[in-house]
Amino acid sequence: MGTTQPIKNKKDLHEFIQYYKEKEPSIRNYTLIVLGINTALRISDILNLKWENVYDFELNSLKDHICLKEHKTGKHTMIAINSSVISALNDFYLERKPNSGDYIFTKNSDFDSPICRSQAYRIVKKAADSMHMENISCHSMRKTFGYHAWKQGIPPVLLMDIYNHSSYSVTKHYLGISQDEKDSVFLEINL
């Protein structure tokens, strides 16, 4: 078994995200993947999210940020919700019609507890397997966010802060970009 990898190819990433929207419709699974790809949250934090973390029930609208205490680090974090996440959460909210204390990602028949990590893994793995992608797991979503942020020119110090890494070399290794940097040198220098 190889190391979990980010989804680097944008076309593959688009197909991966759209799997539960187009090929095997499931608004819950689609929202799980959209949230995972766009927030860089660990799956343990995603599964513990409740609707009150993302939806203001008094104003009857989605919040601008997700505020939570990270399970692994114990640190408080605030993540802006982009338009892709807003759209997915809104559609899911309208279908589910949840209460504020309900977990977001539950069994369709039981809103009292979140799906387990192994179920989340099966959701991610099924979408990845449909495209014959290898070494993709729930953690790939977190890595994919960082990889594409790096490719779009986000300063390394911000990625280090998002991931709570101690150095840029740790972040580069985590995202698998060391080899990409080397490859680009050889491909760009065409003498």
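The values are calculated or read from the model by the stated rules, or taken from the named source; none is laboratory data. Computed from a predicted model, the values in this text were never measured in an experiment. Counting neighbours? That spans all protein chains shown, and the Cβs are built from the backbone with ideal geometry, glycine included.
Here are the numbers for this structure:
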| item | result |
| --- | --- |
| Residues being surrounded by 20 or more Cβ atoms within 10 Å (Cβ to Cβ) and either within 22 Å of H165 (Cα to Cα) or of a type in the set (S, T, Y) (or both) - total across segment 22-49 | 11 |
| Where K69 falls short, out of the listed (1) at pLDDT 95 or above; (2) loosely packed, with under 15 Cβ neighbours inside 10 Å | (1) |
| Residue list for segment 157-179, filter: surrounded by fewer than 17 Cβ atoms within 10 Å (Cβ to Cβ) and without any contact (Cβ under 8 Å) to a residue 24 or more places away in the chain | V157, L158, D161, S166, S167, Y168, S169, V170, H173, S178, Q179 |
| Neighbours by Cβ (under 9 Å, 6+ apart or cross-chain): first from segment 32-47, more than 23 Å from Q152 (Cβ to Cβ); second at pLDDT below 95 and acidic (D, E) | S44/E70; D45/E70 |
| Top-ranked residue of segment 104-138 - restricted to ones that are polar (S, T, N, Q) and in a helix (DSSP H, G or I), ranked as nearest to L32 (Cα to Cα) | Q119 |
| Leading residue by the ranking (surrounded by the fewest Cβ atoms within 10 Å (Cβ to Cβ)) among those in segment 2-17 that are free of Cβ contacts under 8 Å to residues at least 40 places away in the same chain and more than 28 Å from M78 (Cβ to Cβ) | K11 |
| Subset of segment 86-103 that is part of a helix (DSSP H, G or I) and within 19 Å of the chain's Cα centre (by Cα) - its residue that is surrounded by the fewest Cβ atoms within 10 Å (Cβ to Cβ) | S87 |
| Residue satisfying condition, being more than 27 Å from D161 (Cβ to Cβ) and without any contact (Cβ under 8 Å) to a residue 24 or more places away in the chain, within set S61, S100, S83, S130 | S61 |
| Odd one out for S83 among (1) over 13 Å from the mean Cα position of the chain (by Cα); (2) small (G, A, S); (3) on the phi > 0 side of the Ramachandran plot | (3) |
